[in-house]
Amino acid sequence: MSVNLANDGRSVLLQLFGAKQGQKKVLTLGKVSGKNIEFQYERQIGGDSVAWMNNDQFVFLGTDNSLYEYDQRNGELSVILEKVLDFEFSPDRKNIAYTVYDQNVTYVAKVQGRNILYNEPVYRGIVPTHMYWNPNNKSVLLQGQKQLDSSQTAPTDSPSKESLIIELK
């Protein structure tokens, strides 16, 4: 499905459909060795988003909607956040934008190691299908569908699509 190469070019993350897992999505970590890839880690995943934190650590969504961080130096797997629907790291990897499962709220937080600090809701009322950070790390574009709250009557057609830019201070 996708290939994500670490900045140093020595490790690669492959997203594929696993034959053993009944065509479920699988994330595989491989070490690049010459013209070969030596596979070292495999795990079933729940989402499409995968990101390198640095050359040794990467994050992904598990099947339980937890955001996991894996450190290939020691094989340690850690939960960073729970109930995550989708996420996107800023280009400098110092911030994260994410949505929480069963909420129509987008949060932005600081990333420090494995810790997510200063979680702040930045927008309510849209369920993002895409999140994109500006290269300057100071704004994030949200694209998604506007959801009606329970007090509003649902229209007969599909929810409206929205795009907006959130400027961060």
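The calculated Kirkwood hydrodynamic radius for segment 21-105 is 13.8 Å, given to one decimal from all distinct C-alpha pairs. For the cross-link pairs 25/110; 110/138; 138/169; 94/138; 110/169, which exceed 19 Å when the distance is taken from alpha carbon to alpha carbon? Cα-Cα > 19 Å for 25/110; rest within.
Using the Cβ-Cβ distance between residue 37 and residue 7 with R0 = 22 Å, the FRET efficiency computed as 1/(1 + (r/R0)^6) comes to roughly 0.85. Quarter the surface of the alpha carbon convex hull of segment 109-149 and you get the mean projected area, 3.8 square nanometres. Accessible surface of the chain, 1.4 Å probe: 45 percent of it comes from carbon and sulfur atoms. Think of each Lys and Arg Cβ as +1 and each Asp and Glu Cβ as -1; about the Cα centre, that makes the dipole of segment 1-90 roughly 400 debye.
Relative to the 2.2 N^0.38 Å rule of thumb, the chain has a C-alpha radius of gyration ratio of 1.12.
7 Å from Cα along Cα→Cβ at both residue 143 and residue 120: what's the point-to-point distance in nm? Distance between the two pseudo-spin positions: 2.6 nm. Remark: segment 1-87 carries 54 Å² of accessible area per residue (probe radius 1.4 Å; ligands, DNA and RNA excluded).
The values are calculated or read from the model by the stated rules, or taken from the named source; none is laboratory data. Small disclaimer: the values here were computed from a predicted structure and weren't measured. As a convention, Cβ positions derive from the backbone with ideal geometry for all residues, glycine included, and neighbour counts pool all protein chains shown. Protein only, heavy atoms only, side chains kept; ligands, DNA and RNA dropped before computing areas. Shrake-Rupley method; radii C 1.70, N 1.55, O 1.52, S 1.80 Å.
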